[in-house]
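Accompanying notes for the structure given below.
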Amino acid sequence: MSDPITTRPARSRCWGLLLKAAVVVPELIIASLLWLVIIALLPPGAGFVLMVGGLIFAVVLAVGLGEDLTVRALHRARRATPAEAPLLAVAWRIATHQLDADGLRLRIVSHGPPVSTAGRQHILLRKDVVAAYCTNQITAHTVAALIAQGIGRLRHGHTRFDLLWTFWTIPWDFVRGLAHAIGRRLAWIPLVQLAWHTRILVGTIAVILEAQAGRWPSAIIIGAFIALSYVVPRSRSAWDEYVSARVSP
């Protein structure tokens with residue numbers, strides 16, 4: 001007779017939290033440094049107002065207040081139109097037939113994956129998915145499967161502080177998006193591709209040269225950047241696999 005009491009779910013939850021932390025913490029550290037730079041560049045009064053206002057807003061997000069308004073602002077999410085709402089209600093009923101969906105809300109966005117989550121209560125459907133459903137290109141069961149996946153991500157994705165994380169990393173998201181756009185335009189240059197693929201060698205040489213010159217802060221920054229460029233993508237991939245394994249039927 002097997003023992004019905006097991007600690008495996010607790011271990012699984014702890015492992016999920018560690019994976020989520022491996023994704024979130026580096027980005028929070030980088031974003032915090034960027035916020036400090038921004039505040040330092042502003043006039044003292046404006047910097048103080050930004051710092052205090054940001055901290056107050058962060059506390060509001062951390063306790064879960066104003067989630068609907070924040071989701072609309074940060075994710076440019078909208079409610080379903082009168083034409084979309086009845087059709088989405090059908091898919092919602094199918095998706096939540098055997099699931100607890102009390103308090104959850106469905107919103108529509110113009111970017112991102114077909115389905116994603118925001119905060120503790122919001123499921124985000126991409127607008128082209130909704131448009132395809134409304135024009136009978138996909139079925140209600142297909143949309144219901146996406147909604148069910150979103151509910152699973154809310155249940156297993158440790159989303160309690162996701163809106164706080166999204167707000168706090170705004171500077172890093174901007175810098176990362178800008179770098180990604182520049183990288184795509186320069187990707188056709190062979191030397192750029194070679195430098196990126198061999199960045200551990202280039203970075204190691206740079207760290208050694210900076211250390212020999214006595215410039216330890218820059219050596220540490222370069223080393224940390226190179227390490228994060230390898231660790232963060234792998235951590236995000238492991239986290240996505242963890243969540244997908246738990247929300248898949």
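Data overview
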item	result
Rg to Rh, two decimals, where the chain supplies the alpha carbon set and Rh follows Kirkwood	1.03
Solvent-accessible area per residue, Å², over the chain with all protein chains present [probe radius 1.4 Å]	63
Equivalent-ellipsoid semi-axes of the stretch 26-74, from the Cα gyration tensor, Å, largest first	22, 14, 9
Label-point gap, in nm, between residue 62 and residue 204 - each point 7 angstrom along Cα→Cβ	4.1
Structure-based [θ]222 nm, the chain - -39500 (n - 2.57) summed over DSSP H runs of at least 4, per residue, nearest 500	-23500 deg cm²/dmol
Relative contact order, percent, the chain [alpha-carbon distance under 8 Å, six or more residues apart]	24
Dipole of the chain, positive end: most advanced residue of 41, 232, 106 [Cβ charges, Cα centre]	106
Average Cα contact separation per residue, the stretch 79-156, under 8 Å, 6 or more apart, as relative contact order %	34
Relative contact order of the stretch 158-249, pairs being alpha-carbon contacts under 8 Å that are 6 or more residues apart, as %	15
Cα-projected label distance for residue 132 with residue 155, points at 7 Å along beta-carbon direction, nm	2.5
Linear extension gain, residue 234 paired with residue 25, 0.36 nm per residue minus alpha-carbon span	73.8 nm
Two-decimal ratio, the stretch 167-235, of alpha-carbon radius of gyration to 2.2 N^0.38 Å	1.27
The stretch 209-240 versus the stretch 109-184: alpha-carbon centroid distance in Å	29
Cα gyration tensor, the stretch 1-130 - rounded (a/c under 1.5), prolate or oblate	oblate
Fully extended contour minus Cα-Cα distance, from residue 220 to residue 246, at 0.36 nm per residue	5.6 nm
Overall Cα dimensions of the stretch 62-120, principal axis frame, Å, largest first	31, 25, 22
Anisotropy class of the stretch 109-249 from Cα gyration tensor, a/c 1.5 cut	prolate
Packing-based order for 87-93, 236-242, using average beta carbon neighbours within 10 Å, highest first	87-93, 236-242
Sulfur and carbon atoms: percent of accessible area, the chain [1.4 Å]	70
For residue 147, net neighbour charge (Lys/Arg +1, Asp/Glu -1) across residues whose Cβ lies under 12 Å away	+4
Hypothetical label at residue 41: residues of the stretch 167-186 whose amide nitrogen lies under 16 Å (7 Å Cα-Cβ projection)	170-179
Distance-filtered residues of the stretch 111-138 - backbone nitrogen under 18 Å, label point 7 angstrom along residue 69 Cα→Cβ	119-122
Nonlocal amide H pairs with residue 121, under 5 Å, H built at 1.01 Å	none
Among 106-119, 17-30, the order from most to least packed when residues are scored by Cβ within 10 Å on average	106-119, 17-30
Net charge over other residues, Cβ less than 9 angstrom from the Cβ of residue 158 (K, R count +1; D, E count -1)	+2
In order through the stretch 221-232: 3J(HN,Hα) via Karplus (6.51 cos²θ - 1.76 cosθ + 1.60), integer Hz, x for Gly, Pro	5, 4, x, 5, 4, 5, 5, 5, 5, 9, 6, 4
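The values are calculated or read from the model by the stated rules, or taken from the named source; none is laboratory data. Predicted model only: the values in this text are computed from it and were never measured. All Cβ positions, even for glycine, are placed from backbone atoms using ideal geometry, and neighbour counts span all protein chains on display. Quick note on the areas: whole protein, heavy atoms, side chains included, nothing else; ligands and nucleic acids left out. Shrake-Rupley method; radii C 1.70, N 1.55, O 1.52, S 1.80 Å.
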